[in-house]
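Notes follow the structure.
What follows draws every value from the coordinates through simple rules; no lab data is involved. Predicted model only: the values in this text are computed from it and were never measured. All Cβ positions, even for glycine, are placed from backbone atoms using ideal geometry, and neighbour counts span all protein chains on display.
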């Protein structure tokens, strides 16, 4: 599936990445298999040890040339592999942040032989020190009580007070439970809230976002929702179909809004002939 804004490819990332032009991508959001043995309809999550690290180095080496000089990369990892993968990434890119996603797992059950794991590790890396980053787009508003307490004249008109505070590197966002209306039929679907923060902060409006392991299409949904373009790869045809459905639903909603004059000429930013090659200048 491809249109003026989104290209969703049902193929192995390693086979398809050659179709993406070098230095054309503003942001990579990568959620690779964790090596924990989950069932994605194939054996992609059954790598361990040296094999997992070799796989990680392979996709990293394939995707880095696609990034612009101002580009960034987020990668989701488990604590078992993040030290080694981060160490390798630091030989290729500038490390900006280690982010902890606190999944807000309820206090019940868990391991009785160690502290229960309730977080994922996210690495933020950039090609250069001049990477794109829009802090104002992801500020967190202060509550009314806090703003009321800052009524002294030195605070009046302060940007940080009016627009909110900078997000920290611990993100407390509840994981998607089976009953969550956002949930699709995918075992490790990430909350849209998390991916939206990445897209808003690290991809300019109209920019190109690449997801090498697309899954249920959350990154596609976040990119399109906020006026970015998208190209993604998913080897599992069932997950690819879910992603297509999500994108189609967003296009339908977007079309209704435009007919009512609420979305301007946003689609003029996109050229369908160039999108399949992901050529973003």
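Just a few scattered comments:
- Protection proxy ranking of 115-121, 140-146, 192-198, 173-179, by the mean of other Cβ atoms within 10 Å over each peptide's residues and highest first, is 192-198, 115-121, 173-179, 140-146.
- Sequence ranges 216-227, 100-111, ranked by mean other-Cβ count within 10 angstrom, highest first: 216-227, 100-111
- Shape call, region 165-215: gyration tensor on alpha carbons, a/c limit 1.5: oblate
- Separation in nanometres of the label points that stand 7 Å from Cα toward Cβ, at residue 79 and residue 163: 3.5 nm
- At R0 = 35 Å, FRET efficiency that the Cβ-Cβ distance of residue 140 and residue 50 yields, to 0.05: 0.30
- Two-site FRET efficiency, residue 225 against residue 62, from Cβ-Cβ distance with R₀ of 22 Å, rounded to 0.05: 0.25
- Ratio of the Cα radius of gyration of region 89-138 to 2.2 N^0.38 Å, where N counts its residues: 1.66
- Once the Kirkwood radius over Cα pairs is known for region 67-222, the Stokes-Einstein relation at 4 °C and 1.567 mPa s delivers a diffusion coefficient of 72 µm²/s.
- Region 52-145: relative contact order in percent, alpha carbon pairs under 8 Å with at least 6 residues between: 40 percent
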